[in-house]
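**Q** A single structure is presented below for examination.
Readers should treat all values here as calculations from the given coordinates under stated rules, not as data from a laboratory. Just so we're clear, the structure is a prediction, and the values are computed from it rather than from any experiment. Here the Cβ is made from the backbone with ideal geometry for all residues, glycine too, and neighbour counts use every protein chain on show.
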Amino acid sequence: MHVDLDAFYSSIEQRDHPEWRGKPVIVGGDPDARGVVATASYEARRFGVHSAMPTRTAMRLCPQGILVHPRFSVYGEVSGRLRALFLELTPLIEPISLDEAFLDVSALLPSPLEAEPVARELKARIRQETELTASVGVAANKLVAKVASDREKPDGLTIVPPGGEAAFLGPLPVRRLFGIGPRSEERLRGAGIERVDQLAGAAPEWLVARFGQTGLEWQRMAQGIDDRPVTPDRELKQISRERTFPRDIGRREELQGIVEALAEELRPTLQNAPPARTLTLKLRYPDLSIATRRRTPGVVITEDTLKPGALQLFDEGWDGRPLRLMGLGISNFVLEPEGQLPLFDDGGVE
Amino acid sequence: MKITARQEQLSQALRVAGRAVAARSPLPITANVLVATEGGRLKISATNLEIAITTWIDATVAIEGGITLPARLLSEFVDTLPAEPVELSVKEGSHSANVRSSRFEATIRGMGADDFPVIPAAGEEAAATVDAKQLKDMLDQVVFAAAMDDTRPVLTGVLATFSGNQITLTATNGFRLATRAGELSSASAGDFSIIIPAKTLNELARILPDGDAPVQIAVTPNRNQVVFRTDELHVVSRLVEGTYPNYRQIIPTKFSTRVVVSTDELMKATKIASFFSRDNSNIITLEVQPGGEAGVGSVVVSGAAAELGEDRGELDAVVNGGETRISFNSRYVSDVLGVLHADQVGLELTGPNSAAVFKPIDAADYTHVVMPMHVPGGR
């Protein structure tokens with residue numbers, strides 16, 4: 001099952017600011033400062049605004065748009081609540097981002113065909129608890145479930161019966177498949193393949209000759225074959241916050257202030273994410289060269305050590321030249337370990 | 001003092017009492033045994049102040065008296081003597097004993113009997129009586145489940161609950177729990193519970209006489225010591241202070257899958273899987289498949305370590321309920337299977353992360369709960 005919240009950031013902003021409901025809301029960085037759009041509400045999307053677009057462009061397309069700075073601590077908190085709801089269904093949750101996750105519900109439901117009441121209930125609970133809508137895709141594997149959740153956005157529910165994967169994917173453009181980006185799409189189009197069923201039906205030898213081994217992988221996807229398991233929190237490699245500056249900044253105090261602000265943005269994540277061992281600071285200079293400093297202090301990063309650790313990395317890593325971008329991330333997560341479960345709630349000890 | 005005793009009996013008595021001798025103690029006399037005449041018999045006592053063991057043997061008493069002697073030296077000496085009468089004598093006012101057999105003779109220096117710590121509570125009214133054989137069985141099935149280290153002191157003890165004519169012993173280390181009910185040969189004087197150190201009970205199990213001699217259990221009036229008494233033996237122990245966890249809450253009353261399987265076969269499969277899981281936290285996995293029409297399902301026991309390899313052992317089983325899988329520390333499984341004393345074991349399971357219950361198939365008095373190992377991603 002793939003659960004994807006609809007226009008997550010902007011929906012939260014509209015929820016918290018009723019006067020913005022029904023209006024184009026753009027959550028993103030400062031337009032005068034090379035900011036980009038994080039999420040646009042559906043109203044804004046009608047103007048052609050989409051995420052990752054420079055905020056400046058977005059505001060030109062949609063001048064009446066309400067530009068909001070992201071409040072990551074709020075989004076992180078909502079994400080934690082969503083996770084709690086998911087946990088009521090299954091412990092096998094693979095979060096993709098704050099607003100998106102795969103759930104392995106195979107222990108609960110023998111077949112996607114029986115998923116409808118469960119999925120409806122989940123959507124209702126999400127609406128009840130967070131006042132947000134989610135789109136859910138249910139299928140026998142992750143690939144198809146993800147495509148399905150996107151099918152009837154917003155507030156959608158799409159269930160793909162087992163065996164019907166290829167038929168479901170067939171008419172879609174190849175771009176919808178996970179891992180096929182604009183470049184691959186272009187190459188496929190060059191070979192006369194635009195829809196998934198064309199890819200699924202192509203002669204394997206031809207695909208190999210044309211695209212190498214990747215061609216066969218694409219074909220497997222196109223046929224709806226995907227045996228990747230839902231791996232709880234495994235995908236979580238790094239959580240980071242970045243800031244691209246309006247103008248290059250060379251003043252130490254100002255940069256330190258930004259490091260502190262980035263640490264502040266990461267803080268709520270620290271509570272929701274699994275414990276992380278490594279803190280990384282990324283510095284980008286105007287010549288686009290990137291310096292990263294990372295530190296693995298031997299214990300997990302805590303709220304107390306986050307800010308001082310980040311400042312120390314800055315002191316060690318910054319060469320004094322003005323900067324264009326800084327990013328702060330946590331990684332090297334301690335995943336839930338294998339281990340003996342205790343009999344008592346207060347934790348057994350031996 | 002002057003007595004004569006049989007070498008075998010004296011040697012045995014010294015060995016029994018020797019279990020309570022302090023190995024290292026700030027009080028040197030606790031490295032000694034008290035040897036004294038009492039009621040026409042020879043009494044031998046030792047204590048490390050946690051536990052005291054006193055035993056009596058038949059002896060010919062010529063002159064009454066008592067002395068304390070270095071436990072280890074006396075025991076080693078008597079052990080090695082031939083099976084002939086041994087005479088032990090202490091001159092009036094002396095702190096040395098002369099110990100002699102037909103061809104060996106020793107002088108062993110000790111300390112006065114009066115300096116030996118007072119071992120309390122021989123006279124208390126018995127609170128309950130249970131027969132030795134049953135008590136030994138119960139100890140065998142329960143005591144090992146207690147905690148070995150004292151991070152949580154109450155768990156190093158065994159909870160003994162007396163109610164009507166029933167005694168229940170319960171032990172847990174926080175990951176597995178064993179509880180066994182037994183019958184008292186006379187109803188207890190009121191309902192009560194005490195926590196007895198597992199160490200004490202291990203010693204008790206070792207030295208209780210075979211057969212069904214009655215064992216009286218008494219608690220001292222200040223409720224900080226327990227006494228186990230037979231005609232020839234007193235074991236006194238301090239009690240563990242504290243509140244025992246509410247263990248009845250922990251024992252699942254419902255389950256989704258019940259498996260009945262041969263105890264020996266499961267033991268063997270567990271043992272084999274444990275070889276493979278030795279380098280993988282001893283994790284073994286049981287996969288339970290219900291049977292079809294015929295009703296014969298299966299349990300597959302597997303162990304694996306990334307570098308070593310893996311094994312699968314398939315057993316026939318009667319399975320009621322749905323298929324399931326669960327992982328355990330192999331030691332917890334082999335521990336319980338080793339004490340069930342039943343041809344078949346019943347396993348009650350409720351999914352991979354819930355407590356599993358092991359029961360002998362033909363007895364309702366023993367319940368053993370094992371918490372599974374969590375394996376991320378369900379492996």
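**Q** Between A:Arg321 and A:Phe178, what is 0.36 nm times their sequence separation minus the Cα-Cα distance? Round to one decimal in nm.
**A** Working: separation 143, 0.36 × 143 = 51.48 nm, distance 3.97 nm.
Contour length minus Cα-Cα distance gives 47.5 nm.
**Q** Here is a follow-up. Of A:Met326, B:Met1, B:Met267, how do they rank once you tally other Cβ atoms within 10 Å and put the fewest first? Working shown, then result.
**A** On the way: A:Met326 24, B:Met1 21, B:Met267 17.
Ordered from fewest to most neighbouring Cβ atoms within 10 Å, A:Met326, B:Met1, B:Met267 come out as B:Met267, B:Met1, A:Met326.
**Q** Using the Karplus curve 6.51 cos²θ - 1.76 cosθ + 1.60 with θ = phi - 60°, what ³J(HN,Hα) values do you get for each residue of segment A:29-41, in whole Hz, with x for Gly and Pro?
**A** Taking θ as phi minus 60°, the curve returns x, 5, x, 7, 9, 6, x, 10, 7, 8, 8, 10, 5 Hz for segment A:29-41.
**Q** Report the one residue of A:His50, A:Tyr9, A:Ala38 whose Cα lies farthest in the direction of the positive end of the charge dipole of segment A:7-71 (charges on C-beta: Lys and Arg +1, Asp and Glu -1; origin at the Cα centre).
**A** Toward the positive end, the furthest listed residue is A:His50.
**Q** May I ask you to list the lysines whose Cα is less than 17 Å away from that of A:Lys153, ignoring any residue fewer than eight positions away on the same chain?
**A** A:Lys123
**Q** All other residues with a Cβ under 14 Å from the Cβ of B:Ile251 taken together, and with Lys, Arg as +1 and Asp, Glu as -1, what is their net charge?
**A** Working: positive: B:Arg176, B:Arg180, B:Arg248, B:Lys254, B:Lys359; negative: B:Glu348, B:Asp365.
Local charge sum for B:Ile251: +3.
**Q** Another question, then. Given H placed 1.01 Å from N in the peptide plane, which residues other than close sequence neighbours of A:Leu325 have an amide H under 5 Å from its amide H?
**A** For A:Leu325, the qualifying residues are A:Phe245, A:Arg284.
**Q** For segment B:161-218, rounded, prolate or oblate, judged on the Cα gyration tensor with a ≥ b ≥ c (square roots of eigenvalues), a/c < 1.5 rounded, else prolate if a/b > b/c?
**A** Numbers: a/c = 1.89, a/b = 1.15, b/c = 1.65.
Verdict is oblate for segment B:161-218.
**Q** Report the FRET efficiency, 1/(1 + (r/R0)^6), for A:Gln198 and A:Ala52, where r is their Cβ-Cβ distance and R0 is 22 Å, rounded to 0.05.
**A** Step by step, r from the Cβ atoms, then E = 0.20.
**Q** Counting other C-beta atoms within 10 Å, which of B:Ile251, B:Ile217 has the fewest, and how do the rest follow? Please report the intermediate quantities before stating the final value.
**A** Values: B:Ile251 16, B:Ile217 22.
Ranking B:Ile251, B:Ile217 by Cβ neighbours within 10 Å, fewest first, gives B:Ile251, B:Ile217.
**Q** Please list the radius of gyration and Dmax for segment A:166-222, considering alpha-carbon atoms only, with Å as the unit.
**A** Both quantities, over Cα of segment A:166-222: 9.8, 27 Å.
**Q** Taking only the C-alpha atoms, wrap a convex hull around the protein assembly as shown and report its volume per residue in Å³ as a whole number. Spell out each step's value before the answer.
**A** Numbers: hull volume 183.3 nm³, N = 729.
Output value, Cα hull per residue: 251 Å³.
**Q** Another question, if that's okay. If you average the sequence gap of Cα pairs under 8 Å that are 6 or more apart and divide by the length of chain B, what percent do you get for the contact order?
**A** Working: 926 pairs, mean separation 45.9, N = 379.
With pairs under 8 Å counted, the relative contact order is 12 percent.
**Q** Starting from the Cα of A:Tyr42, step 7 Å toward the Cβ, then list every residue of segment A:135-170 with an amide N under 20 Å from that point.
**A** A:135-138, A:146-159
**Q** Additional query: In the protein assembly as shown, if the dipole is taken from +1 on Lys/Arg beta carbons and -1 on Asp/Glu beta carbons about the Cα centre, which of B:Ile51, B:Thr107, A:Gly76 is farthest to the positive end?
**A** A:Gly76
**Q** Related question: If every alpha-carbon in segment A:114-157 counts as one equal scatterer, what log10 I(q)/I(0) does Debye give at q = 0.17, 0.21, 0.28, 0.31 1/Å?
**A** Computed log10 I(q)/I(0) values: -0.43, -0.64, -0.98, -1.07.
**Q** Taking each full run of DSSP H in chain A as one helix, which ones are at least 18 Å long along their axis (Cα atoms) and have mean Kyte-Doolittle hydropathy of at least -1.0?
**A** Details: long enough: A:72-89 (26 Å, 0.63); A:116-130 (21 Å, -1.17); A:252-272 (31 Å, -0.58); A:303-317 (21 Å, -0.57).
Taking the DSSP H segments of chain A (at least 18 Å long, mean hydropathy at least -1.0), we get A:72-89, A:252-272, A:303-317.
**Q** Mind scanning B:Lys2/B:Lys43; B:Lys136/B:Lys199; A:Lys146/A:Lys282; B:Lys43/B:Lys133; A:Lys282/A:Lys307 and naming the pairs with a C-alpha gap bigger than 21 Å? Walk me through the intermediate numbers first.
**A** Working: B:Lys2/B:Lys43 13 Å; B:Lys136/B:Lys199 14 Å; A:Lys146/A:Lys282 31 Å; B:Lys43/B:Lys133 24 Å; A:Lys282/A:Lys307 15 Å.
With Cα atoms farther than 21 Å apart: A:Lys146/A:Lys282; B:Lys43/B:Lys133.
**Q** Just to be sure I understand: if I project the alpha-carbon convex hull of chain B onto a plane and average over all orientations, what area do I get in nm²?
**A** Values: hull surface 90.4 nm².
Mean projected area of the Cα convex hull: 22.6 nm².
**Q** Still on this model: Which angle between 0 and 90 degrees, to the nearest 10, do you get for helix B:198-207 versus the longest principal axis of chain B when only C-alpha atoms count?
**A** 70 degrees
**Q** Suppose R0 equals 56 Å; then what is the FRET efficiency for A:Leu108 and A:Glu253 from their Cβ-Cβ distance, rounded to the nearest 0.05?
**A** On the way: r = 54 Å, r/R0 = 0.97.
Rounded to the nearest 0.05, the efficiency is 0.55.
**Q** Where Lys and Arg each count +1 and Asp and Glu each count -1, what net charge lies around B:Leu184 among other residues with Cβ under 12 Å from its Cβ?
**A** Numbers: positive: none; negative: B:Asp131, B:Glu183, B:Asp191.
Computed value for this residue: -3.
**Q** If you don't mind, there's one more thing I want to ask. Cα axis of helix B:330-339 to longest principal axis of chain B: angle in degrees, 0 to 90, nearest 10?
**A** 60 degrees
**Q** Under a Cβ-Cβ cut-off of 12 Å, what is the net charge of the residues other than B:Lys359 that fall near it, where Lys and Arg count +1 and Asp and Glu count -1?
**A** Working: positive: B:Arg180, B:Arg258; negative: B:Glu348, B:Asp362, B:Asp365.
So the environment of B:Lys359 carries a net charge of -1.
**Q** Do you know the relative contact order of segment A:164-248, to the nearest whole percent, from alpha carbon pairs under 8 angstrom that are 6+ apart? Walk me through the numbers on the way to the answer.
**A** Details: 65 pairs, mean separation 25.6, N = 85.
After rounding, I find 30 percent.
**Q** Also, quick follow-up: Give me the distance in nm between label points sitting 7 Å out from Cα along the Cα-to-Cβ direction at B:Arg72 and A:Val74, one decimal.
**A** Label at B:Arg72, label at A:Val74, 7.5 nm between them.
**Q** Then there's this: Which distance in nm do the two modelled labels at B:Glu310 and A:Glu129 give, with both placed 7 Å along the Cα-to-Cβ direction?
**A** Using points 7 Å along Cα→Cβ, the separation is 3.3 nm.
**Q** In nm, to one decimal, how far is the modelled label at B:Thr80 from the one at A:Asp30, with both set 7 Å along Cα→Cβ?
**A** According to this spin-label approximation, the distance is 9.2 nm.
**Q** Could you tell me the calculated FRET efficiency between B:Ser25 and B:Asn98, based on Cβ-Cβ distance and R0 = 30 angstrom, to the nearest 0.05? Don't jump to the answer; show the numbers that get you there.
**A** Values: r = 26 Å, r/R0 = 0.88.
Efficiency computed from Cβ-Cβ geometry: 0.70.
**Q** Now for a different question. If exposed means no more than 10 neighbouring beta carbons inside 10 Å and the site is in a DSSP loop, what's the longest run of chain B without any exposed GluC sites (Glu not before Pro)? Walk me through the numbers before you get to the answer.
**A** Numbers: sites that count: B:Glu92, B:Glu125, B:Glu293, B:Glu307.
For GluC sites (Glu not before Pro) (loop position, at most 10 other Cβ atoms within 10 Å), the longest site-free span of chain B is B:126-292.
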